[in-house]
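The values are calculated or read from the model by the stated rules, or taken from the named source; none is laboratory data. Nothing here was measured: the structure is a model prediction, and the numbers come from that model. So basically every Cβ, Gly included, is an ideal-geometry build from the backbone, and we count neighbours across all protein chains shown.
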């Protein structure tokens, strides 16, 4: 009797358990499937990609090292904020070219298809570029390298990965970033080249700009200055015209400080996220001298150690183009120094961390056209990687501040047409002027509709 | 005894049930939470937004009507493909301006803040724009409206929503689309204005371009031709220069056919996704005549019925700018016809459905610079809405084909520098030329590096 009772129960128990399990298992499976799609396959074993900051869009190596990046960012920002000054590697700066060539010859990396015993080169050696170029300019008077007195023909070069961002919202910020550059460049008569191709797989990451820049200099002799700008940098002063005349005797202009580069050998003594390079033999030469630490794999890894030993406050990570430039200038000042202009009278590059919280204050006290701490020409979101995988909340801060920077710059465009953003944090716009029947009598306060610096006397040919 | 047995069972049953339920409920909750994030809140009651095609990025009204859009697309494509010719509304084309004004006066829509009894206007009436503008041009010789013989100063205007796309990959295609326009415009000496602001909430959606265009014409008297281009249109012939001389007596150039517009009153007799508008009084006048059907809410809805009755093959949906233009020209040919040039000798607008599958054939048999069916100037992804919510697989087809169109155009840019995409479907590029020590002796086969149509004689002022 009891046995029957228990026997019947057992079978019922089992059936009931099964019924419950079906639902449970179904839910679990659904959850996993959906989560996989949301968080990204990478987390589930499929090889993912790492973009070390938007500026490193070209970065193709399939691996992930978020901590390295984070470390880099934190170091950078803390240094730039506090200007901390503890030399942790005094006396270790005796590393020189020879050792780099040694590394090149030691190179046995599998990453590279070319003969590891042949030092990397950006292309065939060219030593008469100045002659070739000036001959071409004479033969092509319709493509002058100067479009006005002290107004060189400038090509702004930027770009991003041909792949959609891993963090999908990243593409929206790339879009805003190029819209921002289109606006500044239209106002200042600058042409834009937006790159989405990786021309040299070996020079992926921060190094991709080098082969690209060389290619563009050689293809466009009419271009006098090439302006490299990272995709995570935005123009925040639409009225500021670069003081070209100041650079008439310089070939390479970066934001930086002589003492920090030449004396302290500080790896953030200059920034390579926004710089001006004059077309000429000198440019080809410094690109050749800059490139050797770039090839990915063992060379870049080993060179990274060299740079960390040689430079002040540099965290441990593979060789980056900025450290390499500091190293090059610090170790070969006599060779390059006289043609390099380290600019800090205005923000050719401006670190976002020290600027974005001051926009309201700037609006309160100053006006566009100053370009410096009062109204920065460029706000550069160093270390923000909105295009990378969803990171910690710092990415959220980045996005919020990139919106503010965009709107801060965009307000200067909108004012020309009588509009402004409802607030620095708002996408929406509102009128600041009523329409008139005599639109040409209205002068936009910044005079950006028809600025003198853009005006060019054109005689129909 | 049995009672005890059963009593004990009952309590055990309950405990067991509870244990099972916990897991099940947890999973269900997790699933819902994650699904909500993935599919988008819209599906769960939060108001979502509808973008009727990338071209309708400006579309802000919170509602969803995917079927309407789909219907529109299908009709469009089937018509453009088969050129189907069944007149379903003969004899109903006796609708005229008066009735539209009647609609305006009947307007009681809540959407609109302005007095519904005052017909909508793009701005204060201007009747002497030609005089104002020519005076300005005389006073500002450094901003000529012609930068060469038969070379007008052109401003290409496009744009997209200030908000990230609902379908995140959409922003990546907007980015590729503007990169594509930057390339064409750099080669052809055309400036770009990328709009991300909704200047007039009433004119959201396909109508947003009207207030924007008027504002730009009045702010830039130096611009001779404004070229509107939807964000879902891409240049696929980088070598084709618009035959400006052909339009010396025209003010408005659209892709279309006289018979389809003036005789058939077919709503796809022309396309307003890519057109040229000459700056002048005439432009302001036709914008004023074009705008009345635009204000969202009751006006646009009622006007939509008018247009569907009056035009051939038009599906039932609210008034769109294209149908309104067909209607305007068909009902007032004598007033506008002589200054409107309906171009079909090349693809100022090219419907993607009939082009994208022929790219390989074009590469096989033809070359850039033709602009027509052999090598289309523009491939326009009418009805694709990569920025909208994930749709049926047709969106997938759109994305794949947009990649192909982009690469097809991009190959003409890359060839200048000695590269090409590995295939029309591939983001990756490969070399097609070896580097040389005499880069200036290499001529890119299309002659796009320094094209005659861009060369301009500049005399330093």
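For the reader, a short list of remarks on this structure follows.
- Output for the range B:403-412, where each listed residue is surrounded by fewer than 22 Cβ atoms within 10 Å (Cβ to Cβ) and either modelled with pLDDT under 95 or facing chain A (nearest Cβ under 10 Å) (or both): B:403
Per-residue answers, yes or no, for (1) more than 14 Å from every other protein chain (Cβ to nearest Cβ); (2) in contact (Cβ under 8 Å) with a residue 60 or more places away in the chain; (3) part of a strand (DSSP E or B):
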site	(1), (2), (3)
B:182	no, no, no
B:194	no, no, yes
B:198	no, yes, no
B:211	no, yes, no
B:218	no, yes, no
B:276	yes, yes, yes
B:287	no, yes, no
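- Condition check for residue A:194: at pLDDT 95 or above and closer than 19 Å to residue B:185 by Cα: yes
- In this structure, residue A:320 does not qualify as out of contact with any strand residue (DSSP E or B) (no Cβ under 7 Å at 6 or more places or on another chain), surrounded by fewer than 20 Cβ atoms within 10 Å (Cβ to Cβ) and at pLDDT 95 or above.
- Total residues in the range B:445-461 satisfying the condition of being more than 7 Å from chain A (Cβ to nearest Cβ) and modelled with pLDDT under 80: the figure is 0.
- Residue that is nearest to the other protein chains (Cβ to nearest Cβ), among those in the range B:156-178 that are assigned to a helix (DSSP H, G or I) and either more than 14 Å from residue B:232 (Cα to Cα) or touching a residue at least 60 places away in the same chain (Cβ under 8 Å) (or both): B:171
- Matching residues, the range B:303-313, being without any contact (Cβ under 8 Å) to a residue 60 or more places away in the chain and in contact with a helix residue (DSSP H, G or I) (Cβ under 6 Å, 6 or more places away or on another chain): B:307
- Every residue from the range A:355-369 that is surrounded by 15 or more Cβ atoms within 10 Å (Cβ to Cβ) and touching a helix residue (DSSP H, G or I) at 6+ places or on another chain (Cβ under 9 Å): A:355, A:356, A:359, A:362, A:368
- The set of residues from the range B:424-433 being in contact (Cβ under 8 Å) with a residue 12 or more places away in the chain and more than 8 Å from chain A (Cβ to nearest Cβ) comprises B:424, B:425, B:426, B:431, B:432, B:433.
- Considering (1) assigned to a helix (DSSP H, G or I); (2) buried (at least 22 other Cβ atoms within 10 Å of the Cβ), the lone condition that residue A:238 does not fulfil carries the number (1).
- Residues of the range B:114-136 satisfying the condition of being surrounded by 14 or more Cβ atoms within 10 Å (Cβ to Cβ) and at the interface with chain A (Cβ under 10 Å from one of its Cβ atoms): B:122, B:123, B:126, B:129, B:132, B:133, B:136
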